[in-house]
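Here's the structure, in structure tokens; my notes come after.
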Amino acid sequence: MELISASLGSKPRYDLSGRSYLVFLLIGMTFSPSGVVNAEEKMISKTVTPTVINVISIGGTGLAIFRLSPSDFPAGSFGVPKQLLGIDWNTTSYPENIKESVELCYSRPYNTAQRTCVPIWPGSSGTSTDFNDQPFGQGAGLTIKHHVLGGGARLGYPAGSDTVTVRYRD
């Protein structure tokens, strides 16, 4: 910034035209909290033990339900658009039952009626980006569904817990 000379008795003023103005603006944005762009990846991790399966002749389903409530997000982030970057999952299995299949299901915020599911594998881990194009934020839901066929144990007990880690950014 250049100091422009002034006549006697007047205050000095600064020339904020051209490049000087841009430098001044950039410096101001750097030190202003509202001028900082936050593209930092954030994570929410949850662990749930799936339900015991009452196996009937056609089989049964055990569920691990993960709800994303306002307390899972940083304070003051309600209403701030969020972008889903991926869901890391780690599943348990029902070892006493036969022909187990597993699905990872996603429901949009506050809309459990519209659920999208993709197949995953029992007793393993992985990452899904299948839901990244859907709206994400408080009220979104994840479910891991364990399906077993009849013919094994009458009650299916999980060997452990299911875990999901949701990666996102504001």
Listing of strands (runs of 3 or more DSSP E) fully contained in segment 63-170 that carry 1 or more residues being closer than 27 Å to I53 by Cβ, open to solvent by less than 40 Å² (accessible area, probe 1.4 Å) and among the β-branched types (V, I, T): 83-90, 98-107, 115-120, 141-149, 162-169
Count of segment 63-121 residues which are out of contact with any Asp or Glu (no Cβ under 9 Å at 6 or more places or on another chain), of a type in the set (K, R) and within 12 Å of I44 (Cβ to Cβ): 1
Residue among Y21, Y14 that is at pLDDT below 70 and touching a Ser or Thr at 6+ places or on another chain (Cβ under 9 Å): Y14
Test: residue in segment 52-62 that is surrounded by 14 or more Cβ atoms within 10 Å (Cβ to Cβ), touching a His at 6+ places or on another chain (Cβ under 7 Å) and at pLDDT below 95: yes
Unmet criterion (only one of (1) under 21 Å from G150 (Cβ atoms); (2) touching a Leu at 6+ places or on another chain (Cβ under 7 Å); (3) among the β-branched types (V, I, T)) for T61: (2)
Output for segment 97-111, where each listed residue is at pLDDT below 95 and touching a Gly at 6+ places or on another chain (Cβ under 6 Å): N97, I98, P109, Y110
Candidate set: segment 130-170, residues that are of a type in the set (A, V, I, L, M) and over 17 Å from S69 (Cβ atoms); chosen: the one modelled with the lowest pLDDT: A153
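The values are calculated or read from the model by the stated rules, or taken from the named source; none is laboratory data. Here the structure is a predicted model, which means the values were calculated and not measured. Here the Cβ is made from the backbone with ideal geometry for all residues, glycine too, and neighbour counts use every protein chain on show. SASA here: full protein model, heavy atoms, side chains in, ligands and nucleic acids out. Shrake-Rupley method; radii C 1.70, N 1.55, O 1.52, S 1.80 Å.
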